[in-house]
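Structure, as structure tokens:
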Amino acid sequence: MSTVAERPAWTVDPPYGDPGYRSTAKRAPHRPLVPMAPELAPTTGPVFGEGYADPEDADLTAGHAGEPIGQRINVSGRILGSDGRPLAGQLVEIWQCNAAGRYAHQGDQHPAPLDPNFTGAGRCLTDAEGRYRFRTIRPGAYPWRNHPNAWRPAHIHFSVFGRAFTERLVTQMYFPGDPLIPFDPVLRSIRDPKAQERLVSAFDWDSTEEEFALGFAFDVVVGGHLATPPDPA
Amino acid sequence: MSTTLPPTPSQTIGPFFRFGMEWLSGRAIPEAEPPGALTVTGRVLDGDGEPVPDALVEAWQGSVFARSLTDAEGRFRFVTVKPTPAAGGQAPHVEVSVFARGLLQRLWTRLYFPDEAAANEADPLLGAVGDPARAATLVAVPGEDGGVVFDVRLQGEGETVFFAW
């Protein structure tokens, strides 16, 4: 029976336990994970069609009495398989804090203002080329209590399902040039610097709208756990 | 299949996902509840045995998807269907993902059914776990009204078996 150990080991994901990220201490498993044999793994996953995301769900600046405070941005990109195929009809869910760095969540009580015109959750379905597009405002950095004077770089949470249960991915998108990035234990939990860089979006003229919004591009690739690693440079 | 693109790494779901993920919680997917639906309840517990009140639990068994967000006691609840036996001599089971603050990637576990003792005995994945006491963490216990109870212990005594992929 083949096992994970016999397959190409190209681990881009962070380990469960990471001393730099304090919340892992009581939540990361201590026992070794049991390798899932490929022939026993599920080959299907949920499919979400129309009815799960309306066009207005992709505009996080809408749906309230007024406009949210902050820099308007368009965030767009493609959801792809590691084989390069675009994933059409994918449900993409995002959520984020507001421009002041405050989440619309009762657990976030740090002294930054809530914005009555911003909730910060959106979703959409990818088109035939695997493209998604959201309009939102640029999220702020926010403090957390992981270590003294800890601040998370600005980020947007992403959730995609892929083509099968094995491809389910929740991740975070960061912004280019953010000075907090080198100090973030969550991003640095990813050991491969090149893999870290793949979570940083790119400024994008194509989706930048004149006198209206800046554009950022961010592609998501799923299914790479079975990928063959590149030759070491 | 040759691969061309490096994968996007995982990051934690964080503590503040409720307002973004709750819309799909408790919703039957597909919409029509299929025959044989049963309720799964359980708790997500940390290494101290304390409830995890900020976990997201998702279930997939081949045709029915469910999402549940844990409450202050770490409890989740979803409706699923016991699937027919899967390929490769596998006993009926439900794939389960757990996301939470403090989990840099999801945890993947499986729920097997308590009334399938013979099939569970022959299941290749339960067998691959080795230690029967550990494999038992994957088998739910009977609950009320034909449902089952499936607790997920992230760490420590009685730690649930999780899978590497």
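The values are calculated or read from the model by the stated rules, or taken from the named source; none is laboratory data. All of these numbers come straight from a predicted model, not from anything done at the bench. With ideal geometry, Cβ positions are generated from the backbone for all residues, glycine too; neighbour counts draw on all protein chains shown. Surface areas here come from the heavy atoms of the whole protein model, side chains and all, with no ligands, DNA or RNA. Shrake-Rupley method; radii C 1.70, N 1.55, O 1.52, S 1.80 Å.
Below are the figures for this structure:
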| quantity | calculated |
| --- | --- |
| Hey, A:Ile137 of a type in the set (A, V, I, L, M) and under 15 Å from the mean Cα position of the chain (by Cα) or not | no |
| Scan of segment B:136-147 for residues that are open to solvent by 10 Å² or more (accessible area, probe 1.4 Å) and either within 14 Å of chain A (Cβ to nearest Cβ) or of a type in the set (A, V, I, L, M, F, W, C) (or both), ordered by number | B:Ala136, B:Thr137, B:Val139, B:Val141 |
| Selection status of A:Ala100, surrounded by fewer than 16 Cβ atoms within 10 Å (Cβ to Cβ), away from chain B (no Cβ under 11 Å), at pLDDT 95 or above and out of contact with any strand residue (DSSP E or B) (no Cβ under 7 Å at 6 or more places or on another chain) | no |
| Unique match (being open to solvent by less than 40 Å² (accessible area, probe 1.4 Å), of a type in the set (Gly, Ala, Ser) and part of a loop (DSSP other than H, G, I, E, B)) among A:Ala65, A:Ala112 | A:Ala112 |
| Residue in segment A:75-96 that is more than 14 Å from chain B (Cβ to nearest Cβ) and assigned to a strand (DSSP E or B) present | yes |
| Filter result for B:Pro7 (open to solvent by less than 10 Å² (accessible area, probe 1.4 Å) and at pLDDT below 95) | yes |
| Options A:Pro148, A:Pro139, A:Pro185; residue that is at pLDDT 95 or above, closer than 17 Å to A:Gly101 by Cβ and of a type outside the set (A, V, I, L, M) | A:Pro139 |
| Residue match in segment A:90-106 (condition: in contact with a Leu (Cβ under 8 Å, 6 or more places away or on another chain), touching a residue at least 60 places away in the same chain (Cβ under 8 Å) and of a type in the set (Lys, Arg)) | no |
